[in-house]
1. With a 1.4 Å probe and all protein chains kept in place, how do K365, K99 rank by accessible area, largest first?
2. Do any of K115/K248; K132/K249; K132/K346; K76/K123; K115/K346 go past 19 Å between their Cα atoms, and which?
3. Hey, if you put +1 on the Cβ of every Lys and Arg and -1 on every Asp and Glu Cβ in the chain, which of A261, T141, L59 ends up farthest toward the positive end of that dipole?
4. Helix 111-122 sits at what angle to the longest principal axis of the chain, using alpha carbons and giving 0 to 90 degrees rounded to 10?
5. Between D33 and R218, what FRET efficiency follows from the Cβ-Cβ distance if R0 is 51 Å, with the result rounded to 0.05?
6. Select from L120, T181, A157 the residue farthest towards the positive end of the dipole of segment 73-221; place +1 on Cβ of Lys and Arg, -1 on Cβ of Asp and Glu, and compute about the Cα centre.
7. Give me the angle, in degrees from 0 to 90, between the Cα long axis of helix 235-250 and the longest principal axis of the Cα atoms of the chain, rounded to the nearest 10.
8. Could you let me know the centre-to-centre spacing of segment 39-69 and segment 168-225, using Cα atoms, in angstrom?
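The values are calculated or read from the model by the stated rules, or taken from the named source; none is laboratory data. As the structure is a prediction and not an experimental result, all values here were calculated from the model. Neighbour counts run over all protein chains shown; Cβ positions are idealised from the backbone, glycine included. Only protein heavy atoms, including side chains, enter the accessible area calculation; ligands, DNA and RNA are left aside. Shrake-Rupley method; radii C 1.70, N 1.55, O 1.52, S 1.80 Å.
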Amino acid sequence: MTKYVGVLTAGGDTPGLNAALRGLGKSALGEYDMQLIGFYDGFRGLMNDRSVILDEQHLSGILTFGGTILGTSRDKPHRMPVGDKLMDMTDAMLEVYGKHHLDVLVCIGGGGTQKNAHRLMQKGLNVITIPKTIDRDIAMTDTTIGFDTALGIATDAVDRLHSTAHSHHRIILVELMGHNTGWLALGAGVAGGADVILIPEIPYDPASIAEAILARVRSGKRFSIIAISEGAMTRTAAAELDGLMKQKKDGKTKEEKKAAAASIEAWQVGQSNKTIALAQQLEKLTGLESRVTILGYVQRGGIPSARDRLLATELGSAASSFIDKEKYGSMVAVRGEKMEAVPLEKVVDRRRTVPLDHSWVKAAKRVGTCLGDE
Ligand code: F6P
């Protein structure tokens, strides 16, 4: 019997999304008797039933394209902006699912998308998810679509900053994405030979960084490159955040919790210029001129790497085989050399952070990289 498969891409885009759509679609149409219906712009398109039947024509020639042919958004089913309100639009999505007689909805996305798919699953929909994010922070999978491409772009930036930092005898801080995890900055920092790598998992002390830079100056190296995660923070900021989180958790009334949440938001706003603040601080502490490069969205743009194309094709095509076996309620995960269906309950509400004993951390330390902690 023909299976009707809905698919959407949600959350921040990453290189390799089209390769995943192609992998899923070509195997669903070619190997199995399935029909594929794409929804535009993530969960918003599902709510509005903005859809397209994806046939061979749509799936051809997209393997190497960046972005997503379906478009994406960060809209959540249960908090959808409608007019000037946030509304729970889950029921509207259930209706569209029913109207298309879908057997399953495939959601390709990051941590937020895994949660949203899980919510729809709890409302009775069959879902299968595919993990993508340049942050590589989804639990229960070794890696995610987009990380390898972003790692290449970030490493290239660290490489290129070397010659200009060296020529001007400057400190250059390059701020990299990664949300609240340090995979991208750590990976690019190690691969690009950054002198200092700062990640959220290891809160930093500006004085230790200055000391490491001055030690380089004493050994004749008058420049330094710092790869800093967007989520990295000083020890003081980390302690403040811990306190605010505790206040939120321990808040007895709704008002107390709301007040703590507002303080966390204010803390986040205060963090937004922390890389520039660190550059200014290091200039004072070391006497070296400092400059900041915020790499931003270039890390998510353009052609997917060979590794991401491979991964997306493996995950996409594995998803169609899991649909065939009706392994619903799961994420297609990379576990060692295998693609496995992991129950979504094990994925949501967890984040894959960098373990302090990870081999990348050890390698960085062994080659003398300062991680800002000692
Ligand atoms: O999750 C991917 C990511 O690029 C993060 O690294 C970054 O923090 C975030 O998305 C940026 O989000 P947005 O696209 O909503 O600005």
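1. K99, K365
2. K115/K248; K132/K249
3. A261
4. 30
5. Working: r = 70 Å, r/R0 = 1.37.
Computed FRET efficiency for D33 and R218: 0.15.
6. Result: A157.
7. 40
8. After rounding, the separation between the Cα centres reads 40 Å.
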